[in-house]
Amino acid sequence: MFVKTYNATLVGVSAKPVTVEVTADEGTSFAIVGLPDAAVRESYERIMAATLATGFDVSGKRTVINLSPGDLRKEGTAYDLSMAIGLIAALKLMKADNLENYILLGELSLDGKLRPVKGTLSIAIMAKQEGLKGLIVPKGNGKEAAVVEGIEVYEADTLRDVINFLNNNGTLPLVKINMEQAFEQARFNTTFDFADVKGQENVKRAMEVAAAGGHNILLIGAPGSGKSMMAKRVPGILPPFTIEESLESTKIYSVAGKLNLDTTLLTERPFRSPHHSISMPALVGGGTTPRPGEISLAHNGVLFLDELAEFNRSVLELLRQPMEERIITVSRAKGSADYPASFMLVAAMNPCPCGYYNHPTKECTCPQGAVERYLAKVSGPLMDRIDIQVEILPIAFEKISQAEPAESSQAIRQRVIQARKIQTDRFSNYPGIHCNAQITPNLMNKYARPDEDGLRKLKIAMDRFGLSARAYDRILKVARTIADLDNSDNITGTHIAEAITYRSLDRDSWGKKH
């Protein structure tokens, strides 16, 4: 008998439908075709043991399972359930009437229990697009899939439970969640708060400006000055997730297998902090089978690169294209995949090899030229993509010992939200531009033109401090954001003056030991 069940395969962060076609006749062979990987081919042993433990003997037949379309590679263990159900139905050991309504997902254990799989959110979205009634998934995957409205999501614990449900002899728990209520309750939560950070008001202000305009930021300062501590608090001042952004990020985590069981949606913006020894595939994505890298896991959130100058230079250079295009294409022999990569870069580094250049109390022991060589480990084109460069100094004892808390992340976030709203309205007619950091050169004159006082101060600063030409556009972009925080239509001299202070590394005097 010929039977069809339905499943899906993941391509990038999206899912494509897969039809599982099963025939069972007299004979003793078993074959799975349709570009299965090793995990899919090994399902034979799991299916035989699980069906036998459930009370069905499906051995001793000539069985062919085709995973269609045949030119799309099938990977993982999520096909176990659909193949087992198809085989049992092909042998007329259960009804086949309801099989066309559901996608069946799950890995089988040898005793017939179902184990969770990854990518169920993407598959649920695809199921709705294909007009299917719903999904049957292992226990623990239901909440993730149930965020998609308009389809039914059932959780099953064992193969027997699924068979009884499809035979109309039993029920399965229908998973329902109030997504908007759960999302609204959690999305304003912050794990780390700027209220815990004593002093460093100038750096906090720089981070507020960076968050308000979506600008990449570099913190440069001595060890122990608080660079990592403040970087961890940046997600808490970014605007809260929208549901659309949360869906995008949750899909990536689901496909990467990094979503906790019983999770519905990510409610806090991601914060990824890879070690400086990270490899190219781990950072941008890849591997034998393409998988999302750290830059995609940081999508809609923060990518924090601590000790920036210690990263392999060739690894850092890979950031240049996704920082501009906000997407990364990973191509391998087994296929290619596009992964979103719209992240805010927060980088930190010591000013020199010993770490104490410009330190107020400790003397730098580096030889002449060492500071410039150390900074040169980060290429000019990459530095061009970092709008804000701020020097951070250790805080005095009097600041550390203050009892009263500093301004909270929630208070800073409210100002950031208001500034982002101004930018959203400003760029509503320009697809792909959402914040000031993304302003294109042809829009600079229209939206980032300072008044006469601002132009005069900018000219004086470039002459006096020897600012590079690449600093010009960056200063104007950042000044536009500062003006938005002030709810000002015009970029004034005050806004330009503050923006100039955020270009420390562009000054001719930086790195020159006297």
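The values are calculated or read from the model by the stated rules, or taken from the named source; none is laboratory data. Here the structure is a predicted model, which is why all the values come from computation and not from measurement. For neighbour counting, all protein chains shown are included, and Cβ atoms are generated from backbone atoms with ideal geometry for every residue, glycine included. Just the protein is used for accessible areas: all its heavy atoms, side chains included, with ligands, DNA and RNA removed. Shrake-Rupley method; radii C 1.70, N 1.55, O 1.52, S 1.80 Å.
Listing for the model above:
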| read-out | value |
| --- | --- |
| Top-ranked residue of the range 127-183 - restricted to ones that are of a type in the set (Phe, Trp, Tyr) and under 27 Å from Ile88 (Cβ atoms), ranked as surrounded by the most Cβ atoms within 10 Å (Cβ to Cβ) | Tyr154 |
| Unique match (being modelled with pLDDT under 90 and not basic (Lys, Arg)) among Val255, Val197, Val209 | Val197 |
| Single match in Ala419, Ala411 (criterion: in contact with an Asp or Glu (Cβ under 6 Å, 6 or more places away or on another chain) and at pLDDT 90 or above) | Ala419 |
| Within the range 410-445, considering residues that are under 14 Å from Asp473 (Cβ atoms) and out of contact with any His (no Cβ under 8 Å at 6 or more places or on another chain), the one surrounded by the most Cβ atoms within 10 Å (Cβ to Cβ) | Ile439 |
| Number of positions in the range 475-489 that are assigned to a helix (DSSP H, G or I) and either open to solvent by 40 Å² or more (accessible area, probe 1.4 Å) or free of Cβ contacts under 8 Å to residues at least 12 places away in the same chain (or both) | 0 |
| Some residue of the range 58-68 being under 27 Å from Pro292 (Cβ atoms), buried (at least 18 other Cβ atoms within 10 Å of the Cβ) and under 35 Å from the mean Cα position of the chain (by Cα) | yes |
| Filtered residues of the range 98-150 (kept if touching a Leu at 6+ places or on another chain (Cβ under 8 Å), assigned to a loop (DSSP other than H, G, I, E, B) and of a type outside the set (Lys, Arg)) | Asn98, Leu105, Gly106, Gly112, Pro116, Val117, Gly119, Gly140, Asn141, Val147, Val148 |
| Check on Thr267, assigned to a loop (DSSP other than H, G, I, E, B) and hydroxyl-bearing (Ser, Thr, Tyr) | yes |
| Pairs where the first residue, in the range 362-380, is of a type in the set (Ser, Thr, Tyr) and the second is in a loop (DSSP other than H, G, I, E, B), C-beta under 7 Å, 6+ apart | Thr365/Cys354; Tyr374/Cys352; Tyr374/Pro353 |
| Complete set of residues in the range 120-151 that are within 15 Å of Asn7 (Cα to Cα) and acidic (Asp, Glu) | Glu130 |
| Count of residues meeting criterion [at pLDDT below 90, assigned to a strand (DSSP E or B) and within 32 Å of the chain's Cα centre (by Cα)] in the range 1-57 | 1 |
| Qualifying positions in the range 280-330 - part of a strand (DSSP E or B) and of a type outside the set (Val, Ile, Thr) | Gly286, Arg291, Leu303, Phe304, Leu305 |
| Test: residue in the range 214-221 that is more than 17 Å from the chain's Cα centre (by Cα) and over 22 Å from Arg474 (Cα atoms) | no |
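To keep it simple, each residue is scored yes or no on (1) surrounded by 17 or more Cβ atoms within 10 Å (Cβ to Cβ); (2) not in a loop (DSSP other than H, G, I, E, B).
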| residue | (1), (2) |
| --- | --- |
| Gly236 | yes, no |
| Ser246 | yes, yes |
| Gly257 | no, no |
| His275 | no, no |
| Ile278 | no, no |
